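Scroll down for the structure; my scribbles are underneath it.
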Amino acid sequence: MKISKWLTYAGILALLAITVACAVFAYTLFSHKGGTQNLPSFAVSGEGKESITPDIAQFTFTIITEKDEEISKIYQENSDTVTKVKKFLADNGIEDKDIQSTFYNLNPRYQYYTCTNGPCPAPEISGYSLNNGFLVKVRDLNKLNDLLSGVVKNGSNSVYGLAFTVDDPSELKNKAREKAFADAKKKAEDLAKSGGFSLGRLLSVEESLIGGGVNPYYGGVAMGMGGGGYGGPGIEAGSQEIIVQLVLRYEIK
């Protein structure tokens, strides 16, 4: 019995010793091979820019239907107008994938009473207003003016939120990123030379992106109940800039 107990104690002690040895080994390996917390290091920043010309425009149009009649008739009239506008867009090369619903609101309209003597009756629902909004993406910018005026002529009550962007900016972002990396690395090499030390391993990279998103246009796009003309032939997409900023941290050797 005593021998069995001693063997049990010995096994536990051996297991503890192995556990401690593994922990010490892992700590040593991390500290000297992979850890970067205590290494002497320095950071440099770099910036890369790429000029882009927007190839996509997008705008929102709304169709508002107001009636004193039952809701089903409002739905039908609004739906008929939406169908008419969408047909116009399709006839001008806009695919279904480039038309997206953005909101759909049905709200009651109230009749309020003005009373001079005695209590007024409570407001009553006198009708409803249905507001239906769509976002349109235009891939042929030469058609933009005709599309903006056309949706109004075909029944849209307002057009707004015109903006320009790039359909796929990934290649330009990569080019700007390469320039930013080269800029930061050159600074690190110059700093190491001036400081009389050698450039060690690259320890970390941090990136921030500026620009390259949607460029809004706040000009006079046609608005108003019941349609109207569009008077913005001077709209220009212009150009934008994608700016990538990198922070590189290097080991000092």
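The values are calculated or read from the model by the stated rules, or taken from the named source; none is laboratory data. Computed from a predicted structure; not experimentally measured. Using ideal geometry, Cβ is built from the backbone for each residue, glycine included, and neighbour counts are taken over all protein chains shown.
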Item to complete: Looking for whichever is surrounded by 14 or more Cβ atoms within 10 Å (Cβ to Cβ) and in the same structural domain as residue 61 (by TED's automatic domain parsing) here; the options are 93, 133. Which one fits?
Response: 133
Discussion item. Among the numbered criteria (1) of a type outside the set (Lys, Arg); (2) outside any loop (DSSP other than H, G, I, E, B); (3) touching a residue at least 40 places away in the same chain (Cβ under 8 Å); (4) closer than 22 Å to residue 61 by Cβ, which one does residue 142 miss?
Written reply: (3)
Practice prompt. Could you grab the pairs with beta carbons closer than 6 Å, sequence gap of 6+ or different chains, first residue in the range 109-138 and without any contact (Cβ under 8 Å) to a residue 24 or more places away in the chain and in a strand (DSSP E or B), second one surrounded by fewer than 17 Cβ atoms within 10 Å (Cβ to Cβ) and among the small types (Gly, Ala, Ser)?
Written response: 111/126
Worksheet item: Of the residues 150, 155, which is surrounded by 11 or more Cβ atoms within 10 Å (Cβ to Cβ), at positive phi and in the same structural domain as residue 85 (by TED's automatic domain parsing)?
Response: 155
Discussion item. If a residue must be of a type outside the set (D, E, K, R) and surrounded by fewer than 17 Cβ atoms within 10 Å (Cβ to Cβ), how many such residues does the range 59-81 contain?
Written reply: 5
Worksheet item: Is it true that some residue in the range 89-96 is of a type in the set (A, V, I, L, M) and free of Cβ contacts under 8 Å to residues at least 12 places away in the same chain?
Response: yes
Worksheet entry | Which listed residue is more than 30 Å from residue 82 (Cα to Cα), hydroxyl-bearing (Ser, Thr, Tyr) and modelled with pLDDT of 90 or more, from 158, 194 | 194
Practice prompt. Determine whether the range 111-130 contains at least one residue that is farther than 30 Å from residue 79 by Cβ and β-branched (Val, Ile, Thr).
Written response: yes
Worksheet item: Quick one: is residue 84 touching a residue at least 60 places away in the same chain (Cβ under 8 Å) and assigned by TED's automatic domain parsing to the domain that holds residue 137?
Response: yes
Item to complete: Looking for whichever is under 34 Å from the mean Cα position of the chain (by Cα), modelled with pLDDT of 95 or more, over 20 Å from residue 145 (Cα atoms) and outside any loop (DSSP other than H, G, I, E, B) here; the options are 81, 60, 65. Which one fits?
Response: 81
